[in-house]
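The values are calculated or read from the model by the stated rules, or taken from the named source; none is laboratory data. Quick caveat: nothing in here was measured; it's all calculated off a predicted structure. Positions of Cβ are generated from backbone atoms using ideal geometry, with glycine treated the same way; all protein chains shown enter the neighbour counts.
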Amino acid sequence: MAERFRGWSPAALEFYRGLEADNAKPYWTAHKAVYEQEVQAPFEALSDLVAGEFGPLRLTRPYRDIRFSKDKSPYKTRGYAVGEGEGGERYYVEISATGLVVGCGYWMMAGDQLDRYRAAVDDHTTGPALIEAVVDPNEPPMPGQITTRQALNFAKAIIRGEKDALAIVKDSTDPAKLEQRASGAGLTLTSKTELAGEWRERMIEDGTWDPGADLLRLSRLQRSATNGEHVAAYAAGLRWGIYQLLGKLRPTVYVWRKDA
């Protein structure tokens, strides 16, 4: 039986302070038991506590994907878990040397959800006005936002080997300028996490994504489909997932704080 959730002890923060100072295998090996007891175990207890209302929290692996990164430090200096509710909303919990971060929101809305959200934003009677939206420039507008024509053009650009094929969002929203604009809007960046390939690995492990089945379906579509644009759109979505799995595309989770 899992332990009752009692939060994270100061030892968890101290563990990550030490890891930030000495991100190497000898430190990790010497303190692995601390990680398992003071970081991993509380996450598991919290997951058991909230699973009925919010769904289980899935703790990411503590190892960094360094295959395509200039930073070769092997371990993440924060522990974080992600859960998903019945409506597709995501829940995020993080512990690090600086403390606790909790957030919720949508990673990607379904088409009907996006329609309702846009209608609500456009209706001034439903709440405060939306001043500005800040997005991750590394994440394209994939389904349900992307159109078949956009997916087709994206696929063609990659096939041609165009160097700017992945410039889905304008250069004015590159990470540095994104953070500068958010700061100017009164937001404080509290956490920035590159998910690398482990996000897609977890989707395979928990059965929410099966790239083998997707490849099989794509092969059959190519033989039978009369709509070439539909095939290209399906291939573009699959290619995006595989690139994320390999670490060539790295989704980024930003956590911002709005000071009162």
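At-a-glance table
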quantity: Residue within the stretch 64-75 that is in a strand (DSSP E or B) and closer than 29 Å to residue 243 by Cβ present; calculated: yes
quantity: Odd one out for residue 113, checked against (1) closer than 28 Å to residue 23 by Cβ; (2) surrounded by fewer than 18 Cβ atoms within 10 Å (Cβ to Cβ); calculated: (1)
quantity: Candidate set: the stretch 239-260, residues that are out of contact with any helix residue (DSSP H, G or I) (no Cβ under 7 Å at 6 or more places or on another chain) and among the basic types (Lys, Arg); chosen: the one modelled with the highest pLDDT; calculated: 257
quantity: Only listed residue being part of a helix (DSSP H, G or I), modelled with pLDDT of 75 or more, in contact with a helix residue (DSSP H, G or I) (Cβ under 9 Å, 6 or more places away or on another chain) and not assigned by TED's automatic domain parsing to the domain that holds residue 195, chosen from 81, 119; calculated: 119
quantity: Subset of the stretch 1-59 [part of a loop (DSSP other than H, G, I, E, B) and acidic (Asp, Glu)]; calculated: 3, 22
quantity: Residues of the stretch 213-231 satisfying the condition of being modelled with pLDDT of 75 or more and in contact with a helix residue (DSSP H, G or I) (Cβ under 8 Å, 6 or more places away or on another chain); calculated: 214, 215, 217, 218, 221, 222, 231
quantity: Of all residues making up the stretch 179-205, the number that are crowded, with 17+ Cβ neighbours inside 10 Å and of a type in the set (S, T, N, Q); calculated: 2
